[in-house]
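Single-structure report; data block below.
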Amino acid sequence: MNPKNQTAITQDVRLPGHPIHRSICGVIVANPTSINQKYGELSTHPQIQFGPKFKNEIPSGSARDGQNGAYMTKWMYPGIPRKKLRLEDVETHGQTNDWTVQAIYKSKMGNLMCSYVGWNSSAVYEQFSPRKFAKENREVMDTANLRDAFLKVMKNDPELTNEMKKATGKWLWMRHELLEDEDNVFWLYEDLTYFHSKIHIDYGLAPLMYICLREEMVDPPRFKYTAFNIVEETAMDAILEGRSNWTFKKLQNTMKRTKPAPRPNACEASETCKCDRLFDLLYARSRYNHRGWKRQYMSPDNNGILDMSTFESEHFRIIIECSDSCGCSSKCPRRRAQQGQNKHLVVYYENEIIKFGLRAAERIQKGEFVCEYTGVVVLPKEGVQRNESYDATINLLHENLVIDSSQIGNLARFMSHACEPNAVMIETHSRVKESDPLIPRISVYALEDIAVGEKIAISYYRTELMQTGVGIKCG
């Protein structure tokens, strides 16, 4: 992408018939005209976007007809269209096979009903050839089935009140009064589900859902959604200067160390894999930092699963993924963050205290990759006040950086705290090519088996901090 023509950093869009294009990162720059001079060859990197801001655009073609509609929703959310067409517009536009199915529901009679992108609830249609329709819209149908399975599990949750159990019917059985209520916040939840899932699908990730089981639904979270990290200019400068950004050859020539004994390695090209050696050169330095906290190197098995039997909560953890220097393919089990999230997850309204949390819509195995934590990579300035409640600290890849998802992020920002967590954040040294800049990444892995409907929770604090009473109250 040519930086001269770039006015804002946007999400990747997959065009029909084209392969998936994944941006490595977006870099927010104060002076876009000086990008070429400052960053040289990097300024023309096809997978790095430079711009003065990040913008959640409505995905191209996702709501093309609705932009001509007279109906205007009352909500203003980044990347969510406000204009839509109504049932009365069908005569003008006609119902054709070009309409994109947004979501599928079941009527009380068990028939399939569907909403369309760019049309409001008045144009939800009942399908009288359900088998043919389901076959033609298999991916949307699969997502609807996962949603319904999740809701049925939640309906049996002993913690749910009668009100919450009743509210599952909004999705399980479409009611006519909901169809007639065009301004019901339910339809905003469905738009967030569709358009944020569109970002995921275009990036090659599994879809997500937003659900609130309340008769009086609260407004969903408002933030800008990104599948990749956005990097502030000062943070990018620090990354490019950092030792972890060096190539393997430069590290090996500069840091003369005894080659350790070979370890078991799940890489497809284990004989030429550089990952273990990178850890020894970059992160194993006495395996302790100045505070005495050990650095734990975690590597996956042949299925991309981490062995959590040696997990220590008090250690700084790191995963090193393969690059082109290892000689393996994109399917290598040591490239899990690069391959992306493949589990359906639900952003779920928990209660008035926690607000929104993250739950599993599919079973997740212990040691399995859950998702990546994305946001804005920031180099905090001393004495400058900022909201730190969504900060994920980088300790090994670069000691002075954080990933902040308070305004820009993805579904991982909703993971709640637990004193006995079932998931953990792990710093991830990962780049597809050694010539790419090493942008800090944080992967989320399951510490335990996570069942459908179960909360995905991490520990926000180290044990020693929790023992002081600092932080949030248990429960």
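Please identify the pairs in which a residue from the stretch 366-394 that is on the phi > 0 side of the Ramachandran plot has its Cβ atom under 7 Å from the Cβ atom of a residue that is open to solvent by less than 40 Å² (accessible area, probe 1.4 Å) and aromatic (Phe, Trp, Tyr), counting only partners at least 6 apart or on another chain.
GLY367/TYR445
Counting only residues that are polar (S, T, N, Q), open to solvent by less than 10 Å² (accessible area, probe 1.4 Å) and part of a loop (DSSP other than H, G, I, E, B), how many does the stretch 411-457 have?
Pass one, the stretch 411-457, residues polar (S, T, N, Q): 416, 422, 428, 430, 435, 443.
Still in the list and also open to solvent by less than 10 Å² (accessible area, probe 1.4 Å): 428, 430, 443.
Subset that is part of a loop (DSSP other than H, G, I, E, B): 430.
Residues that pass the stated criteria total 1.
What pairs can you find where one residue is in the stretch 225-250 and without any contact (Cβ under 8 Å) to a residue 60 or more places away in the chain, the other is surrounded by 18 or more Cβ atoms within 10 Å (Cβ to Cβ), and their Cβ atoms are less than 7 Å apart, with a gap of 6+ or different chains?
Note: pairs meeting the criteria are ARG243/LEU282.
Could you tell me which residue of the stretch 104-136 is least open to solvent (accessible area, probe 1.4 Å), considering only residues that are small (Gly, Ala, Ser) and under 13 Å from TRP173 (Cα atoms)?
Let us first name the residues in the stretch 104-136 that are small (Gly, Ala, Ser), namely 107, 110, 115, 118, 121-123, 129, 134.
Pick out the ones that are also under 13 Å from TRP173 (Cα atoms) and you get 107, 110.
Working: SER107: 11, GLY110: 41 Å².
Of everything passing the filter in the stretch 104-136, SER107 is least open to solvent (accessible area, probe 1.4 Å).
Pull up the stretch 186-206, narrow it to residues that are open to solvent by 20 Å² or more (accessible area, probe 1.4 Å) and not in a helix (DSSP H, G or I), then point me to the one that is nearest to LEU151 (Cα to Cα).
Filtering the stretch 186-206 for residues open to solvent by 20 Å² or more (accessible area, probe 1.4 Å) gives 187, 193-194, 198, 201, 203-205.
Remaining after also requiring not in a helix (DSSP H, G or I): 203-205.
Working: TYR203: 27, GLY204: 25, LEU205: 22 Å.
Only one residue fits best here, namely LEU205.
Within the stretch 311-320, is there a residue that is assigned by the TED database to the domain that holds SER443, over 13 Å from GLU368 (Cα atoms), open to solvent by 30 Å² or more (accessible area, probe 1.4 Å) and of a type in the set (Ser, Thr, Tyr)?
Among the residues of the stretch 311-320, at least one is assigned by the TED database to the domain that holds SER443, over 13 Å from GLU368 (Cα atoms), open to solvent by 30 Å² or more (accessible area, probe 1.4 Å) and of a type in the set (Ser, Thr, Tyr), which makes the answer yes.
Residue under question is LYS155, and the condition is that it be surrounded by fewer than 21 Cβ atoms within 10 Å (Cβ to Cβ), of a type in the set (D, E, K, R) and closer than 21 Å to PHE54 by Cβ; does it hold?
So LYS155 fails the test.
The values are calculated or read from the model by the stated rules, or taken from the named source; none is laboratory data. Keep in mind that what you see is a predicted model, and the values were worked out from it rather than measured. Please note: Cβ atoms are built from the backbone with ideal geometry, for glycine as well, and neighbour counts cover all protein chains shown. When the accessible area is computed, the model is the full protein with side chains, heavy atoms only, and any ligands, DNA or RNA have been set aside. Shrake-Rupley method; radii C 1.70, N 1.55, O 1.52, S 1.80 Å.
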